[in-house]
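Bear in mind that the values in this text are calculations on the coordinates, not laboratory data. Everything numeric in this text was worked out from a predicted model, so none of it was measured. Quick reminder, even Gly has a Cβ in these numbers, built from the backbone with ideal geometry, and neighbours come from all protein chains shown.
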Amino acid sequence: MSTEQTCLAFQNVSMEFPGVRALNDVTFSIHAGEVHALMGANGAGKSTLIKILARVYQQTAGDVLLNGSSLNKATTNNIRGYGIDFIFQELELVPGFTVAQNILIGVEPRLKSGLIDWKKMTALAQRALDEFMPGVVDAGAQIDDLSVAKQQIVCIIRALYRNPQILVLDEPTSRLSASETDALFTAIRRMKQTRDITIIYISHRLEELFRICDRVTILRDGEYTGTWPIAEITREQIVYRMVGQIQGVAEHKPYDTALDGREPVLRVENLCVPGLIDNVSFSVKPGEILALTGAVGARKTELIETVLGIRSLSAGQIYFHEKPVRLTGPRSAKRHGICLIPEDRRKHGIISDFSVRENTTIAFLKKYTNRLALIRRKKERSEVKNLCEELHVKTPSMEAPIKTLSGGNIQKVVVAKWFAGDSEVYFFDEPTVGIDVKGKGEIYTLIHELAANGKAVVVTSSEVEEAISISDRVAVLYNGRVVAQYRSCEANREAVVYLTMGGKENA
């Protein structure tokens, strides 16, 4: 048992949701002044545990102790008053505000009149920014004008400015460049020396743990696996304890050897986007499901956006039926029979105030109009009805607002929209995020049915087990590069997880 002072302790913490036990009797402690890594595969319970600490959730059983006292009376509104601050993956910034306003929000310096001292506020914010990374971010700039990486820096500086006792960093480098990551680690080391701050560090990048962390706690399937000094555990041991022992090859979708004789529908060669995508090549055939897997920050979404022309590529070539094409965005992709079912389906996949019918036909309205450009409602309703039945969309009516449907059923309507245009290539970006177990099964069935009907399907997933089990082939991404490709039936889950975290193949 360590003799170091414990500042935070999780005691027999369990968390149950309807039908799901997310955490089971988790017990471990964090020492004052250390950088403590919290590791686990997707679904291991890391986010649930942090949300309990942030008081977003109230644990089903157990307790969380801060300096020996229970946090049960803390709330999401006052948790920062206990000296605990958080930087989540979703950036919490106020649009329309300046950088300085976002950093000093709630603690603005005041004049004797009670009005905000704008000059002093900007100066204080600039001093804090320059301490972290001199000359990179202007405190007077509008937050909306900054890159996502610089917005991440602002979030970090704001948290440091509040001088917390405990700071939780959730994937803090996923949007940062190498130099920005170095600056963050320098700031963390400085904080440890000058502020006696305790940091809980969550990352999928193994190399970062060995650069910055003192100890690591590993969760697996909601269970506590153990805590180790970082100097006493290897990368391979971390991955082994995250995913468990893998005996041979897991049960996967069997590989269809008929795919070997088919020409690709879509092939990309040596795609490059400076700072994002590095020399990526892959192909997908009719009837094939290709999974792109990688941890947060692997740039799976950015790769899809590059293929579809949403992002401009600097080098490389895209081939559609072996003919070179240059897609310039969603409309261009649609004309070629290529479609995207986005990760944030509510924001980017639907028009929330429109009905199920309207969302299903909106991409191909010309198909339902007559010579006078009037919509043939009978034909439209008949086809939407057939599509909803084919995809098992659960809706009280075709005229129901789509925003009233579950996430899984919204996902099906987005797919129905592209069914209406008879697309050939379907990109699914994290298709099961935010969907319950039953809904996930329905989405998997839908993806398999698309492939069975001769469609080419590309699925991105941060869940390695999901990516392997639903696909014919899996490509592993890390930092915008494809580091390995396998037939899914031959893929070793432990090896794939290791690669998604920056491990080297055959290391």
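Here are several values of Rg and Dmax of the Cα atoms in Å: (i) 23.8, 81; (ii) 24.8, 82; (iii) 26.4, 81. Which one was derived from the coordinates shown?
So the structure-derived entry is (ii).
Please rank Tyr478, Tyr426, fewest neighbouring Cβ atoms within 10 Å first, as an exposure proxy.
Ordered from fewest to most neighbouring Cβ atoms within 10 Å, Tyr478, Tyr426 come out as Tyr478, Tyr426.
In square nanometres, what is the average projected area of the Cα convex hull of region 6-243?
13.8 nm²
With point charges of +1 on the Cβ of Lys and Arg and -1 on the Cβ of Asp and Glu, referenced to the Cα centre of the chain, which listed residue (Phe28, Val325, Ser174) lies farthest in the positive direction of the dipole?
Val325
Can you give me the Rg/Rh ratio for region 1-136, using Cα atoms for both radii and the Kirkwood formula for Rh?
On the way: Rg = 18.9 Å, Rh = 17.8 Å.
Using Cα coordinates only, the ratio equals 1.06.
Across every pair of different alpha-carbon atoms, what Kirkwood hydrodynamic radius in Å does region 336-459 reach?
Radius from the Kirkwood sum: 14.6 Å.
Below 15 Å, Cα to Cα, which aspartates and glutamates can Lys367 reach? Residues fewer than 8 away in the same chain don't count.
The reachable aspartates and glutamates, counting only those whose Cα sits under 15 Å from Lys367, are Glu358, Glu380, Glu383, Asp422.
Order these by the 10 Å Cβ neighbour count, fewest first: Ser462, Ser332.
Ser332, Ser462
Quick one, what does Rg over Rh come out to for region 401-490 if you take C-alpha atoms and the Kirkwood Rh?
Here Rg/Rh amounts to 0.98.
If the reach is capped at under 19 angstrom between alpha carbons, list the lysines near Lys120, excluding any in the same chain fewer than eight residues apart.
Once the sequence-local lysines are set aside, what remains near Lys120 is Lys112.
Lysine pairs, Cα distance under 14 Å, 8 or more residues apart or cross-chain: how many in region 375-479?
9
When ranked by the protection proxy of mean other Cβ atoms within 10 Å per residue, highest first, what sequence do the peptides 56-63, 189-196 form? Write out the running numbers ahead of the final one.
Numbers: 56-63: 15.8, 189-196: 13.2.
The peptides rank, most packed first, as 56-63, 189-196.
Just the number, please: percent antiparallel of the DSSP beta bridges in the chain, rounded to the nearest 5.
Rounded to the nearest five, the antiparallel share is 55 percent.
Taking a temperature of 4 °C and a viscosity of 1.567 mPa s, what whole-number D in µm²/s does Stokes-Einstein yield for region 1-63 with Rh from Kirkwood over alpha carbon pairs?
Diffusion coefficient, whole number: 103 µm²/s.
In degrees, nearest 10, range 0 to 90: what is the angle between the Cα axis of helix 178-194 and the longest Cα principal axis of the chain?
Rounded to the nearest ten degrees, it is 30.
From the mean inverse distance of alpha carbon pairs (Kirkwood) and the Cα radius of gyration, derive Rg over Rh for region 353-422. Mind dumping the intermediate values first?
Working: Rg = 11.5 Å, Rh = 12.0 Å.
Here the Rg-to-Rh quotient is 0.96.
Using only Cα atoms, locate the centre of region 39-72 and the centre of region 166-190, then give the distance between them in Å, rounded to an integer.
First find each Cα centre; the distance between them is then 23 Å.
Can you give the Rg and Dmax of region 253-317 based on its C-alpha atoms, in angstrom?
Calculated on Cα positions, Rg and Dmax stand at 13.2, 38 Å.
Mind checking which lysines have their Cα closer than 27 Å to the Cα of Lys119? Skip sequence neighbours fewer than 8 apart in that chain.
Partners within reach: Lys150.
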